[in-house]
Amino acid sequence: MALPFLPGNSPHVHIGKERFHKSQHFNLSSGLPMLVGLEKPGIGGEPLVGQKIRSKYSVYPKGEGSDLPSWIAFDKQALCFEAYFRETVTISELETHRIRKCKIYFYLEDDTIQVVEPKWKNSGIPQGTLIHRHRIPLPPPNDDQFYNVLHFNINQDMVLYSRTFTVTNCDSFTKNFLTKLGVRLNEPAMMPDDPYSKHRQQLEGTMKPLRPYERRDTLKQFLDYDHKILRFNCFWDDTENMFGDPRELILHYYLADDTIEIFEVIPPNSGREHVPKFLCRSKVPKRSPVQMKLPGETTDRTVLNMVASKNQGQCFVLDSLNTGAVCEEFYKDSDLTVGGEVNIWGRRVVITDCDEFTKEYYRSKYGIEDFTPVQCKVPPAPKPSNPMPPYNGFGSEEDSLSSCQGLFPKPPRKDFQKFMEKDRCGLNSNVLNFHAKMMTCDPVDKERMFIISFYLSDDSMSMFEWPQRNSGVLGGKFLARRRVRKPGQKLFKSEPFEYFTAQDLYVGASVCVNGVNFQLLDADDYTLSYMEQHAEEFPRANTGNILSKLRSIPEGKQSEIRKFLSLSDPTNTGFIPYESF
């Protein structure tokens, strides 16, 4: 039942509408008002009464079809049609018209069209892209509109810029796309033959060149083996000639074109001038000729005879059977083996060894497994020993040795890596401190106490005497920091001196410094902790060595130790005093 036409019962046309903008239809041109917006919509983008607005893309307007825009949904998608057009020829006696085949591409993303003509060899006419990609208008009187996908079909004519193209066929993608759009495709048409092109093909088929073409496909070998080189170590014995000596050579075989290149290995101080190459890259014949042939003397074909005629001039008859061809064999990769000989222009070169890539190449291609190197050259004589001169007593041992190693003495090099690892870093001082006393019968020296510091960064040692009141001996620095030699060594000798190391210092050890014997009584907590953490360097702080030593004690001694431990710890606390232990 319809509602009565009363106020409040009829819906308003602007309910739910959000856009109310107005298009600009008039403008001033040279001071005169002009109507410029015939195709512009009315208020809010709605068309005026009786107005038909042409959409920019007639196939998929906005709001219909896929939600994605066309430039995304149909990106890189194009319809391909085969077509031809007839071109009239008025300046030739052999042809009156010409059939020019081309392809028409329709790009779905923006309705643009491109016409491309395949290039024909020696055609004499400009070919390629006939119409660049853009939107093409329809022929008059509808030239205000553009071609879209619905204008295309096979076996029909299309006018593009006053030139009639006949569409004959299309590819499978185009057929499926147009069928899904609902376009009924026509039957494919036959492409007519071009009479002049057909005439040219007949002429080319009857032509026989005087020099038959022989195809030599070297591109495949180049593409397969480019930058792949076989490397061999060679030896050339030139001692038979005057002032000759053995030569070491390096042979490079290029698999891309079967050429050989040779370099000479010139040892230092040999008296020979270094040359870039012993043999430039070229093909090497197996049998070197006695005399080098001149350029042009060796050819692939020869002339059998020569006939002269007044009408035809000079005519050369070539040897089609290759009876006069010179067959010359060159070295291949199969001719190069370890232990074999190569004739390099009259020089006998022996292959002694090869690299890993060459071995793998021969192993995979020829199945060769024996690559035993050949010893051709005499082993070098042993270098004479350079005895170290004895120490002369001036300066340190390293300074005296550096003065004998060169004309300009250099300062001795220190172990910088050890210095960086064992130098002081934060709370880790890398200095071992021991409490020591003199081992002497003098009652005054017996009471003197010393602190021995050993620096792990350079194996140096310093001693400091602890001051005691009313002892009559001044305390302070007893030994400046330096490396200390072990006792019992000759001063003037060729062998290097032996110095005290960190493993020689431990609690209970005796150390002789400059003829004075010291006994190490104790060490600080850092020293003991450092020795325990680095038990592999300090065997006397290794708990495993101590336990194995205790296990090796005889049974009678072990019972005595157990009895001592039970008496020292009657309450079984697991600890005993240090003095009793």
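How do the peptides 102-113, 226-237 rank, highest first, by the average count of neighbouring beta carbon atoms within 10 Å per residue? Don't skip to the end; give the middle numbers.
Values: 102-113: 18.7, 226-237: 16.8.
Per-residue mean Cβ counts within 10 Å order the peptides as 102-113, 226-237.
Please report the net charge: other residues with Cβ closer than 15 Å to the Cβ of Q417, K and R +1, D and E -1.
-1
Which of the residue pairs K410/K490; K228/K277; K228/K365; K437/K477; K119/K198 have a Cα-Cα distance greater than 23 Å in the structure shown?
From the list (K410/K490; K228/K277; K228/K365; K437/K477; K119/K198), the Cα-Cα distance tops 23 Å for K410/K490.
For semi-axes √(5λ) of the Cα gyration tensor in Å, one of (1) 96, 59, 25; (2) 39, 28, 27; (3) 47, 35, 20 was computed from the structure I shared and the rest are decoys. Which label?
(1)
With a 1.4 Å probe and every protein chain left in place, work out the accessible area per residue of the chain in Å², rounded to a whole number.
For the chain, the per-residue accessible area is 73 Å².
With unit charges on the beta carbon (Lys/Arg positive, Asp/Glu negative), name the residue among M388, M158, N142 whose Cα is farthest towards the positive pole of the charge dipole of the chain.
N142
Run down the aspartates and glutamates and flag those whose C-alpha is under 20 Å from the C-alpha of K493, throwing out any fewer than 8 positions away in its chain.
Qualifying aspartates and glutamates at Cα under 20 Å: E397, E398, D399.
Give me the net charge of T179's neighbourhood, meaning all other residues with Cβ under 15 Å from the Cβ of T179; Lys, Arg count +1, Asp, Glu -1.
So the surrounding residues net to +1.
Between region 538-581 and region 330-376, how many Å separate their Cα centres?
One Cα centre to the other: 72 Å.
Name the residue from L185, L407, G339 whose Cα lies farthest towards the positive end of the charge dipole of the chain, charges +1 on Cβ of Lys and Arg and -1 on Cβ of Asp and Glu.
It is L185.
Calculate what fraction, in whole %, of the accessible area of the chain sits on carbon and sulfur atoms when a 1.4 Å probe is rolled over the protein chains.
55
Under a Cβ-only charge scheme (Lys and Arg +1, Asp and Glu -1), can you give me the dipole magnitude of region 96-186 about the Cα centre, in debye to the nearest 20?
For region 96-186, the charge dipole is close to 500 debye.
Assigning unit charges at the beta carbon (Lys, Arg +1; Asp, Glu -1) and nothing else, what dipole magnitude in debye, to the nearest 20, does the chain show about its Cα centre? Present the calculation step by step, with values, prior to reporting the outcome.
Working: 73 positive and 75 negative charges, 253 e Å.
The dipole of the chain has a size of about 1220 debye.
So for each of 147-156, 429-438, 411-420 I average, over its residues, the number of other beta carbons within 10 Å; can you give me the resulting order with the highest mean first?
Packing order, densest peptide first, comes out as 429-438, 147-156, 411-420.
Which of the chymotrypsin sites (Phe, Trp or Tyr not before Pro) found in region 490-575 are in a DSSP loop and have at most 13 neighbouring Cβ atoms, other than their own, within 10 Å?
Working: sites: F492, F497, Y499, F500, Y506, F518, Y526, Y530, F564, F575; in loops: F492, F497, F500, Y506, F575.
The qualifying sites are F492, F575.
Please list 549-555, 42-48 highest first by mean number of surrounding beta-carbon atoms within 10 Å per residue.
So the order, starting with the most tightly packed, is 42-48, 549-555.
Along the charge dipole of the chain, which of F173, Y105, I43 sits closest to the positive end, that is, farthest toward it, with unit charges on the beta carbon of Lys, Arg, Asp and Glu (+1, +1, -1, -1)?
Comparing the listed Cα positions along the dipole, I43 ranks first.
What are the residues whose amide H is under 5 Å from the amide H of Y499, where those residues sit 5 or more places off or on another chain and H is modelled from the backbone?
K486
Could you work out the relative contact order of region 485-558? I mean the mean sequence separation of Cα pairs under 8 Å and 6+ apart, divided by the number of residues, in percent.
In percent, rounded to a whole number, it is 19.
The values are calculated or read from the model by the stated rules, or taken from the named source; none is laboratory data. Remember, predicted model here, so these are calculated numbers, not experimental data. Virtual Cβ from ideal backbone geometry, glycine too; neighbours counted across all protein chains shown. Only protein heavy atoms, including side chains, enter the accessible area calculation; ligands, DNA and RNA are left aside. Shrake-Rupley method; radii C 1.70, N 1.55, O 1.52, S 1.80 Å.
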